[in-house]
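One structure below.
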Amino acid sequence: MARLVVLGGGVAGHTTATFAAKWLGSDHEVVVVTPNAKWNWIPSNIWVGVGQMKKEDVTFDLAPVYAKAGIDYRQAKAVSLNPEGSQSSDKPFVTIEYTSADKAGQTENIEYDYIVNATGPKLNFGATPGLGEGSQLGEHTVSVCTADHAVHASEKLNEAIEKMKGGTRQKFLIGTGHGMCTCQGAAFEYIFNIEHELRKAGVRDMADMKWISNESFLGDFGMGGLHMKVGGYVVSSKLFAESLFAERDVDWLIGAHTSKVEAGKVEYELLDGSTGEEEFDFAMLIPPFAGVGLKAYNKAGEDITDTVFAPNGFMKVDADYTPKPYEEWKASDWPRTYQNPTYKNMFAAGIAFAPPHLISKPMKSPNGTPINPTPPRTGMPSGIIGKAVAHSVCDMITKGENAHLHEASMAEMGAACVASAGKGLFDGTAAAMTVYPVVPDFEKYPGTGRDTDYTFGEIGLAGHWIKHILHYLFIYKAKLNPGWTLIPE
C-alpha cells in the first residue's frame, strides 16, 4: 500500500486529494494535512466582505467530507520535509504540527511514498510596515483573503456607511499593499462591490473612491494585460478597465508600491521614483504572497531548503529558473508536470509552486524598488494543476515510478474568470472573461501573445448570474456530492 500525503486543503490540495482518493480507492492511502478545519470558496469572500453573504455561505467543515472520501485528515500545518528520510530510516517523511484544539502544538512525523505541496501562500502582511505582522492582518486596514477577514471587513464597511448616512464623507482606498503583490483581481472585485453597495445604500455621493495598485497600467492583472474580443472588436484590458473605472467614478493610482501604512494614511513610491501619501477612512490592501516557510533537510539532517525551495519559499518544479532578461522569456520556461527536479516523488500544485519569472513586464523605480505584479496561480489554474498532479501520482503508484506524467502548462492552458462588479439579482454586474493561454506565448501568437479567438470578455448582468451559479456549483463539487467529478475545474 502506497501513501500519498497532500499538504494543503485549498483549491489545489482539495482537488488533488479527492481525485487521488477516488482513483486509488482503498488499495492505497491518501492523507491531507491542512491547518484549517473548514474549506473556503475564496472567490466569494468578496461578497462576505460587503455583507451580501455570510461566512457560513462560503465555508464548510472538511472532516465529514474527507471521512466520506476515505481520506485520512490531519488538522495540522506542515513544518519541514525530510525527502531522504533520516539517519535511522530511508523512508521520507514530513513533520507536522497539529492546530486542532485537542492536539494543538503536538508534532508528528508522517512517512510518505509521494507528497504534493499545495500549501498555498503565506499572507505576508508583515512585508509592508503597518499592514500587519508576519501573516497577521494589522489594525489599520481590512482584508478579504480569508472568510474571517471578510466578516471583519463587512463590519467596518457598515460602520463607514453609517457615518456617511450621518453626513460624514468617507474615503475608500482599495488595491495592493506592496510593490510585488498578486491577486489584483480580488481587489478589483472588492472596490466595485463596495461602490455598488454604496449606491444601494444611497450614500455614493458621500464617498471618494480610489484604486491603488502595483500594476503599470489598469487591466494588467498580473498577466501583462490582454487583448480580447468584446462585441466583435478586439480591445485591450487597459481600455476595458479604464472605461469601467471612469463609468463608476473611481480614481486610480497605478505603478505604486505601498511602503508604509498608518492609521488613516499610506505612504507610497511610484515607478518614476517619486513618493507620496494617500489618506483613507476605509482601506483594503491585498498583501504580497510568500511560501509558507517549509524547511527541508537531507538524510544527515543538513538544511537543504535552498535546494527544494526558491528564495520566496515556493517549491521548485520542472521550470527553467535560469535568470534571463525579459526579452528572452519563453512560454516553455513554465512547468509542465510540477514535479520537483531533485526528488521525483515530490510535486507542487497551485500557488505553492515557484514560477520561473513574472508574466507582467518587470519594472523598477529609479531607486531600485521592484514594482510589478507577481504571477496569479489561483482559481481555475490551481484546480487544473491539482487534477493533473493527482493523475501523475496515481499513475506512478499503479503503473510504476516511470509512468508518463500528465501535463498542465499555464502557457498552454486557458482560464475563465468572472469578476464581480456588484451583487444583485437584477442589478448585479460581472466581467466574464476567458484568456488563452494564461502565460502569453509570443512565438506562437505574435503581437498579443494570446489567441484572440479564445480570449474575450463581456460585462453585464449575465456575468453576475454566471458567477452566482458557479459559487453554488463549486461548493457542491468540493463537498463531493453526486456527480462532482463531472463539474470542470
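The values are calculated or read from the model by the stated rules, or taken from the named source; none is laboratory data. Quick caveat: nothing in here was measured; it's all calculated off a predicted structure. Cβ: placed from backbone, ideal geometry, glycine included. Neighbour counts: every protein chain shown. Side chains are part of the model used for accessible areas, which takes the heavy atoms of the whole protein and leaves out ligands, DNA and RNA. Shrake-Rupley method; radii C 1.70, N 1.55, O 1.52, S 1.80 Å.
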- In segment 130-145, how many residues are over 13 Å from residue 178 (Cβ atoms) and outside any loop (DSSP other than H, G, I, E, B)? 4
- Scanning segment 360-396 for residues that are of a type in the set (A, V, I, L, M, F, W, C) and more than 18 Å from residue 318 (Cβ to Cβ), which turns out nearest to the chain's Cα centre (by Cα)? 380
- If the Cβ limit is 7 Å and pairs must be 6+ apart or interchain, which residue in segment 157-170 that is at negative phi and open to solvent by less than 100 Å² (accessible area, probe 1.4 Å) pairs with which residue that is outside any loop (DSSP other than H, G, I, E, B) and of a type in the set (Gly, Ala, Ser)? 164/207; 170/160; 170/207
- Message: Give me the residue from segment 347-403 that is under 24 Å from residue 119 (Cα atoms), open to solvent by 50 Å² or more (accessible area, probe 1.4 Å) and not in a loop (DSSP other than H, G, I, E, B) and, out of that set, modelled with the lowest pLDDT.
- Response: 380
- Message: Can you find a residue that is touching a residue at least 60 places away in the same chain (Cβ under 8 Å), surrounded by 18 or more Cβ atoms within 10 Å (Cβ to Cβ) and among the aliphatic types (A, V, I, L, M) anywhere in segment 195-206?
- Response: no
- Select, from 128, 107, 168, the only residue that is in contact with a Lys or Arg (Cβ under 9 Å, 6 or more places away or on another chain) and among the hydroxyl-bearing types (Ser, Thr, Tyr). 128
- Which ones in segment 404-435 are open to solvent by less than 20 Å² (accessible area, probe 1.4 Å) and under 19 Å from residue 358 (Cα atoms)? 408, 409, 410, 411, 413, 415, 435
- Message: Quick check on my filter: what residues within segment 112-129 are of a type outside the set (Ser, Thr, Tyr), part of a loop (DSSP other than H, G, I, E, B) and crowded, with 21+ Cβ neighbours inside 10 Å?
- Response: 118, 120, 121, 124
- Query: Taking segment 207-266 as the search range and keeping residues that are among the hydroxyl-bearing types (Ser, Thr, Tyr), under 18 Å from residue 376 (Cβ atoms) and open to solvent by less than 10 Å² (accessible area, probe 1.4 Å), which one is modelled with the lowest pLDDT?
  - Reply: 237
- Item | Only listed residue being small (Gly, Ala, Ser) and in contact with a helix residue (DSSP H, G or I) (Cβ under 7 Å, 6 or more places away or on another chain), chosen from 37, 67, 63 | 37
- Query: Which one of the conditions (1) modelled with pLDDT of 95 or more; (2) open to solvent by 10 Å² or more (accessible area, probe 1.4 Å) does residue 174 fail to meet, given that it meets all the rest?
  - Reply: (2)
- Check whether at least one residue in segment 409-416 is assigned to a strand (DSSP E or B), in contact (Cβ under 8 Å) with a residue 12 or more places away in the chain and among the hydrophobic types (A, V, I, L, M, F, W, C), and report yes or no. yes
- May I ask you to list the residues in segment 436-469 that are in contact (Cβ under 8 Å) with a residue 60 or more places away in the chain, in contact with a Pro (Cβ under 9 Å, 6 or more places away or on another chain) and surrounded by fewer than 21 Cβ atoms within 10 Å (Cβ to Cβ)? 444, 448
- Query: Picking from 416, 352, which residue would you name as being under 30 Å from residue 85 (Cβ atoms), touching a Ser or Thr at 6+ places or on another chain (Cβ under 9 Å) and not β-branched (Val, Ile, Thr)?
  - Reply: 352
- Task: Kindly list the number of the only condition in (1) in contact with a helix residue (DSSP H, G or I) (Cβ under 6 Å, 6 or more places away or on another chain); (2) surrounded by fewer than 22 Cβ atoms within 10 Å (Cβ to Cβ); (3) not aromatic (Phe, Trp, Tyr) that fails for residue 341.
- Result: (1)
- Going by the conditions given, is residue 146 of a type outside the set (A, V, I, L, M, F, W, C) and within 19 Å of the chain's Cα centre (by Cα)? yes
- Task: Identify the residue in segment 131-156 that is touching a Leu at 6+ places or on another chain (Cβ under 6 Å) and open to solvent by less than 10 Å² (accessible area, probe 1.4 Å) and, among all such residues, is nearest to residue 173 (Cα to Cα).
- Result: 141
